[in-house]
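First up is the structure itself, then whatever we jot down about it.
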Amino acid sequence: MPVNLTISALIKLPPLGLFFCGVLLALISVFGRWWLITSQYAQCSFPLVFYDIKSEHEWVLIKGVYRSYRDGVHSGHMSYLGTLSHFVEGERIAPITPIHRAVWFSGLSHHNLLKLNVTHHSRGLGDRSSDDVVQEYVFPHLRVGDVSVIALYLLNGKVLGTGTESVMRNICVR
């Protein structure tokens, strides 16, 4: 029966050589996991369009895209890029307001609940919205220092949805 020379050479390595190979494999594994966990790329992207009907004759149209990003094991940020239009009697009464905002957060998860602590927020290039509009329509429960609980849902084992503990509001399209 022929002997595989590679295996034979590996078996004959001194203990220090085996230890070095083990440490090298462990470092490669740790670095790979660290890169996977801390790499920054869009985790979820979802468009959202809704009307806020103030009265029979007045409404506000909000449309845009939310994107969430993972910045580390327990931190991330979410951006919103969209517009706000205000209508009375079917006519737009003000120019379209561009909105470009982001919030950064740290968080912990427990089962399907994600507890977020908002650390800071920013205004993006081209944003013309007021803080009150953003608070009311874009990030209603995400102010600096606030703690929010968001439920995560996995639909059909493929699609991520988020919302409150009992109502799913958003579904990731990417």
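Listing for the model above:
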quantity: Karplus 3J(HN,Hα) series, Hz, for segment 78-89 with 6.51 cos²θ - 1.76 cosθ + 1.60 (x for Gly, Pro); calculated: 10, 10, 9, 10, x, 9, 10, 10, 10, 10, 9, 6
quantity: Distant-in-sequence amide H partners of C44 (H built 1.01 Å from N, under 5 Å); calculated: S68
quantity: Neighbour-limited loop hits for trypsin sites (Lys or Arg not before Pro), segment 103-157 (at most 15 other Cβ within 10 Å; DSSP other than H, G, I, E, B); calculated: R128, R143
quantity: Under Karplus coefficients 6.51, -1.76 and 1.60, residue-wise ³J(HN,Hα) of segment 113-125 in Hz, glycine/proline x; calculated: 9, 10, 9, 10, 10, 6, 9, 6, 9, 8, 9, x, 4
quantity: For S109, net neighbour charge (Lys/Arg +1, Asp/Glu -1) across residues whose Cβ lies under 13 Å away; calculated: +2
quantity: Accessible solvent surface per residue of segment 39-174, calculated while the other protein chains remain in place, 1.4 angstrom probe, Å²; calculated: 61
quantity: Length-normalised contact order for segment 39-159 - Cα pairs under 8 Å, 6+ apart - percent; calculated: 17
quantity: Residue-by-residue Karplus 3J(HN,Hα) for segment 24-29, coefficients 6.51, -1.76, 1.60, Hz, glycine and proline x; calculated: 4, 5, 5, 5, 4, 5
quantity: Kirkwood Rh and Cα Rg combined as Rg/Rh, segment 63-106; calculated: 1.23
quantity: For D146, residues with placed amide H under 5 Å, excluding near neighbours; calculated: V118
quantity: D132-F50 pseudo-label distance in nm [points 7 Å out on the Cα-to-Cβ vector]; calculated: 2.1
quantity: Electrostatic dipole magnitude of segment 46-136 [Cβ: Lys, Arg +1; Asp, Glu -1; Cα centre; debye, to 20]; calculated: 500
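The values are calculated or read from the model by the stated rules, or taken from the named source; none is laboratory data. Quick caveat: nothing in here was measured; it's all calculated off a predicted structure. All Cβ positions, even for glycine, are placed from backbone atoms using ideal geometry, and neighbour counts span all protein chains on display. To get the accessible areas, we keep the full protein, side chains included, count just its heavy atoms, and leave off ligands, DNA and RNA. Shrake-Rupley method; radii C 1.70, N 1.55, O 1.52, S 1.80 Å.
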